[in-house]
Amino acid sequence: NPSGSTKDRIAVHILDKARRAGKLPRGTMVVEASSGSTSIALAMACARMDLGFTAFIPDTATNERALMIQAYGGRVIKVAGGMPGVIAAAAAFATETGAFAARQFENPDNAEAHQWHTASEILAQLPGLMIDAVVSGVGTGGTLVGLHQGLQDGGQDPVPVAAMPIGQPDHPNPECCSMCFSKAVPGVIDGCSMIYQQWKSTPAAARLREFPVDEEVCIDFTRRLWALGHPAGPSSGLNLAAAMASPR
């Protein structure tokens, strides 16, 4: 994860697959709506592939995210109105300019990246062991959906657990990757992620559990990871807290 998150995996997979299909000649502009990690990952991947990149992000996102995107040569456009408005603005830009839209919230290649690659890595690191559950926070839902499918492909039958950060009354829907760093950034709203919403209605998600974790607990677990020398973000704190607390 060279840019610092698992979104590197979906960025490379989405772009490489599109390039092999002839949809991304050199110099093509790529566009994405993302409040942070995915845009950073895409900016890095685009720099490596000689592609342009434009990120649409909420105007309340913390500035270091924009600086990281720009450091990789990407362009940043801030949009008011939360993630639905950001997604709409990115889609309109792609239509008007002919840019390639990565569409992380609906692109099945998002989940496929974890199904084909991340799940295989996990299985290789746990030879001969059975995996009882797979736990992941849900933004686009690609990580949980892809991992669950990939682990099943590898002969496992884990219970899928969606870790859901729960905020305080004045901030009821936190976006875990921003918690306590940018309280104003809205959480991912139900309906934004077509990947997760569509998967929930399939037989594969029959045993799905949505496990709530208080945002302060997420931050506490993140600090514990830091104290052990792991430079993880709050999403990792969320995942670890849910994994340790959720009953089988």
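The values are calculated or read from the model by the stated rules, or taken from the named source; none is laboratory data. Values in this document were obtained by computation on a predicted structure and should not be read as measured data. Note: ideal-geometry Cβ built from the backbone for every residue, glycine included; neighbour counts use all protein chains shown. The area values use the complete protein model at the heavy-atom level, side chains included, leaving out ligands, DNA and RNA. Shrake-Rupley method; radii C 1.70, N 1.55, O 1.52, S 1.80 Å.
Restricting attention to the chain, the count of lysine pairs at 8 or more positions apart or across chains with alpha carbons under 25 Å apart stands at 6. Electrostatic tally near K78: other residues with Cβ closer than 15 Å to its Cβ, Lys and Arg +1, Asp and Glu -1, net -1. For Rg and Dmax of the Cα atoms in Å, the value computed from the atomic coordinates appears in the list (1) 19.0, 57; (2) 17.5, 51; (3) 19.3, 63 under label (2).
Bridge orientation summary for the chain: considering DSSP beta bridges with both residues in this region, about 5 percent are antiparallel.
Carbon and sulfur atoms: what percent of the 1.4 Å accessible area of the chain do they account for? With neighbouring chains kept in place, the figure for the chain is 55 percent.
Proximity of backbone amide H atoms, modeled 1.01 Å from N, is registered between Q104 and A33 at under 5 Å, excluding neighbours fewer than 5 places apart on the same chain. One chain, two ends: Q197 and H230. Fully extended at 0.36 nm per residue, the span grows by 8.7 nm beyond their Cα-Cα distance. Go ahead and collect, in residue order, the members of the stretch 24-63 whose backbone nitrogen is under 20 Å from a label point 7 Å along the Cα-Cβ direction of E96. Hits in the stretch 24-63 for E96 at 20 Å: 28-35, 52-60.
Accessible surface for the stretch 1-129, divided over its residues, is 46 Å² per residue with a 1.4 Å probe.
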